[in-house]
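> Dropping a structure here in structure tokens format, bear with me for questions.
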Amino acid sequence: MRVLYVVYCDETIIRDLAISEKINLEDNELFRTMIDKTKGEFISVYYYYYYFDKRKTTKKLEKIIRDINNNKSERICLFTDDKELFVKFDRLVYFMTFNDFYKKTEYTKIEFSNEFKPYNKINELKEIYTINRHIDIIHHMVNVEYISKFKKFLKYNEIFNINIKKLINGTAYKNVNNFKELIPLLQSDLQILYYYQIITVRFCIIIFRLFSFNLNLSSKYIGIELESIFNNKKSNSYRFVLKNKIKNTDLNNRSFRGFKIDSIKTNEYIRNDYIFKIKLEIYNKLVANKIDKEIQKDILGESFIFLMEKYKKEIM
């Protein structure tokens, strides 16, 4: 598997490391000497890239990204002092501070694969809730999937800054100071999707910008994409008191724009068969990842776990 190590280089941290190891450095040698020292110990990396640009020119960064994505080497490392770095790389990525990289203590592993395609993800949500609008396990599965993705970005944000002002620009999310504060509001919009079959425009804007790794996508561009997903229908304005189960009062009684998802009727057999297949898929993933049995019961129910264990005993 192709791997990229992205290392955030904070000058203060590197200087402290140099002092602690009694390395005397001139200012213009600081980064290079410490990086070269680390490279000598990290021999499994075949290519190194550096992005230390006081002007933070876009063209230089874009060239580095292209070179990395086109590089066929299994292991690559990128050193940068750009705290606002927010780009997509076509490989498994480990994000870390220079201190972690230098001491080999802790790497934040994040794999942004093809599943992060915003157009496909929004269209998938529409299709799921068109057929399965009242199935609890489907909603649970969707919620778990998106929360896991948001947590990946939260980890990313612990090392690099996701510019929250750019991310929420043009949306109804107000008084949000960082990405962590945004996550509960996104969860509430998933609840609105479940209880009211309305996917909010504000939620879609965030998904498009996050999953495309482009915080500069305009609301107008995203709006055109959404109309394409929803068969050229325009979003509608909604305003009502939200159900008690939707806990974020920050969104309560606010008007918002969204797309209503029309459901189609299916007979009970198809419905139950589909639920079982979804549960089975989730169960297999939980078992493969060695998730505790009690957690399995919490997610899928005791009766389902009992049934699966009985089945496994019968075929052994």
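The values are calculated or read from the model by the stated rules, or taken from the named source; none is laboratory data. A quick note: this is a predicted structure, and the numbers were derived from the prediction, not measured. Backbone-built Cβ (ideal geometry, glycine too); neighbour counts: all protein chains shown.
> Going by the conditions given, is residue 72 surrounded by fewer than 17 Cβ atoms within 10 Å (Cβ to Cβ) and within 22 Å of residue 13 (Cα to Cα)?
Values: surrounded by fewer than 17 Cβ atoms within 10 Å (Cβ to Cβ): yes; within 22 Å of residue 13 (Cα to Cα): no.
Considered against the rule, which asks whether it is surrounded by fewer than 17 Cβ atoms within 10 Å (Cβ to Cβ) and within 22 Å of residue 13 (Cα to Cα), residue 72 comes out as no.
> Those residues that are touching a residue at least 24 places away in the same chain (Cβ under 8 Å), part of a helix (DSSP H, G or I) and surrounded by fewer than 18 Cβ atoms within 10 Å (Cβ to Cβ), I need them from the stretch 197-220; list them, please.
If the condition is that a residue be touching a residue at least 24 places away in the same chain (Cβ under 8 Å), part of a helix (DSSP H, G or I) and surrounded by fewer than 18 Cβ atoms within 10 Å (Cβ to Cβ), then 219 is the only one that fits.
> State whether one or more residues within the stretch 167-183 are aromatic (Phe, Trp, Tyr), surrounded by 14 or more Cβ atoms within 10 Å (Cβ to Cβ), closer than 20 Å to residue 128 by Cα and in contact with a Leu (Cβ under 9 Å, 6 or more places away or on another chain).
Checked the stretch 167-183: no residue is aromatic (Phe, Trp, Tyr), surrounded by 14 or more Cβ atoms within 10 Å (Cβ to Cβ), closer than 20 Å to residue 128 by Cα and in contact with a Leu (Cβ under 9 Å, 6 or more places away or on another chain).
> Looking only at residues that are surrounded by 11 or more Cβ atoms within 10 Å (Cβ to Cβ) and not in a loop (DSSP other than H, G, I, E, B) in the stretch 248-269, which one is modelled with the lowest pLDDT?
Looking at residues that are surrounded by 11 or more Cβ atoms within 10 Å (Cβ to Cβ) and not in a loop (DSSP other than H, G, I, E, B), I get 250.
> Hey, can you tell me all the residues within the stretch 283-292 that are loosely packed, with under 11 Cβ neighbours inside 10 Å and in a helix (DSSP H, G or I)?
Scanning the stretch 283-292 gives 285, 288.
> Right, here's the next one. For residue 243, indicate whether it is out of contact with any Cys (no Cβ under 7 Å at 6 or more places or on another chain) and modelled with pLDDT under 90.
Answer is yes for this residue.
> Going by what's in this entry, would residue 80 be described as in contact (Cβ under 8 Å) with a residue 60 or more places away in the chain and either among the β-branched types (Val, Ile, Thr) or in contact with an Asp or Glu (Cβ under 6 Å, 6 or more places away or on another chain) (or both)?
Yes; evaluated as a whole, the condition is true for this residue.
> If you don't mind, another one. Condition first: aromatic (Phe, Trp, Tyr), modelled with pLDDT under 80 and touching a Ser or Thr at 6+ places or on another chain (Cβ under 7 Å). Can you find one or more residues in the stretch 85-100 that meet it?
No, every residue in the stretch 85-100 fails to be aromatic (Phe, Trp, Tyr), modelled with pLDDT under 80 and touching a Ser or Thr at 6+ places or on another chain (Cβ under 7 Å).
> Name the single residue, out of those in the stretch 24-79 being of a type in the set (Gly, Ala, Ser) and in a loop (DSSP other than H, G, I, E, B), that is modelled with the highest pLDDT. Explain how you work it out, then say what you get.
Within the stretch 24-79, the subset of a type in the set (Gly, Ala, Ser) is 40, 44, 73.
Filter once more, so that each one left must be in a loop (DSSP other than H, G, I, E, B): 44, 73.
Working: 44: 69, 73: 90.
My answer is 73.
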